[in-house]
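Q: Here you go, one structure.
No lab work stands behind these numbers, since they all come straight from the coordinates. What you see is a predicted model, and the numbers here were worked out from it, not measured in a lab. Because the Cβ atoms are built from the backbone with ideal geometry, glycine has one as well, and the counts that use them run over all protein chains shown.
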Amino acid sequence: NAGVTQTPKFQVLKTGQSMTLQCAQDMNHEYMSWYRQDPGMGLRLIHYSVGAGITDQGEVPNGYNVSRSTTEDFPLRLLSAAPSQTSVYFCASSYSRISTDTQYFGPGTRLTVL
Amino acid sequence: AQSVTQPDIHITVSEGASLELRCNYSYGATPYLFWYVQSPGQGLQLLLKYFSGDTLVQGIKGFEAEFKRSQSSFNLRKPSVHWSDAAEYFCAVGTPGNTGGFKTIFGAGTRLFVKA
């Protein structure tokens, strides 16, 4: 198993550009989530999904869209990038939607918005 | 609102010394608590978790944590630190979401430095 994979590893955008961060898992996990990590703030939940076709907002959803058409993939879309979205983005998955289940994290995407 | 506080931004310990990282949470119901570790340039890895039962939980890499409801704390400990333990450590609490899933609230993290 490759686990949780994220592409790209690094990305530089200009303000106003759009892009999609890709996340995939090959473990048949039900639950997937996106976090952003900023210095001194830990990880903050952006969006999560408990299965194909079901998504919900986390702590900081504004400026981001998600969809989940398959179990494996959970892309994160930035519609109009802003400098405040400069961050490291992590995708995670867990086998079930139960709070006690272990989350497995991808290696992250470092995004810079100029 | 739920929150997690890690009072120490960074801690330095000598190799072989004991370690305790502090974590306090704010949550009305029985919390689901986690400790994760992040090595430089890597994603997070789960060290241990607590959701019920024995308040002293054992994790990987020789770590343990104790849940104290009266103090709203979940401190992480290790009796003897190795140089490879240098990393950033995050405490987190799991809370129910709206669609039957859960949301994880993370603390700001504590960076551990290990000196020879």
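Q: What are the residues whose amide H is under 5 Å from the amide H of B:Arg111, where those residues sit 5 or more places off or on another chain and H is modelled from the backbone?
A: B:His10, B:Ile11, B:Tyr89
Q: Which part of the range A:80-114 falls in the paramagnetic zone of B:Gln42, meaning amide N under 12 Å from the point 7 Å along Cα-to-beta-carbon?
A: A:105, A:107
Q: Hey, another quick one. Would you work out if the protein assembly as shown is rounded, prolate or oblate? Take a ≥ b ≥ c from the square roots of the eigenvalues of the alpha-carbon gyration tensor; rounded if a/c is under 1.5, else prolate when a/b is larger than b/c, oblate otherwise.
A: Verdict is prolate for the protein assembly as shown.
Q: To continue, here is another question. Across chain B, how many lysine pairs, 8 or more positions apart or on different chains, have C-alpha atoms separated by under 21 Å? Please give the number.
A: Number of lysine pairs found: 8.
Q: If exposed trypsin sites (Lys or Arg not before Pro) are those in a DSSP loop with at most 15 other Cβ within 10 Å, what is the longest stretch of chain A that has none?
A: The segment A:15-114 is the longest one with no such site.
Q: Rounded, prolate or oblate: which fits the range B:38-113 when a ≥ b ≥ c are the square roots of the eigenvalues of the alpha-carbon gyration tensor, with rounded for a/c under 1.5 and prolate only if a/b beats b/c?
A: Here the range B:38-113 falls in the oblate category.
Q: Quick one: net charge of A:Cys23's neighbours, Cβ under 11 Å, K/R +1, D/E -1?
A: -1
Q: Pairs of Cα atoms under 8 Å, at least six residues apart: use those to get the relative contact order of chain B, whole percent.
A: 36
Q: Right, next: May I ask you to give the average projected area over all directions of the convex hull of the Cα atoms of chain A, in nm² rounded to one decimal?
A: About 6.5 nm², averaged over all directions.
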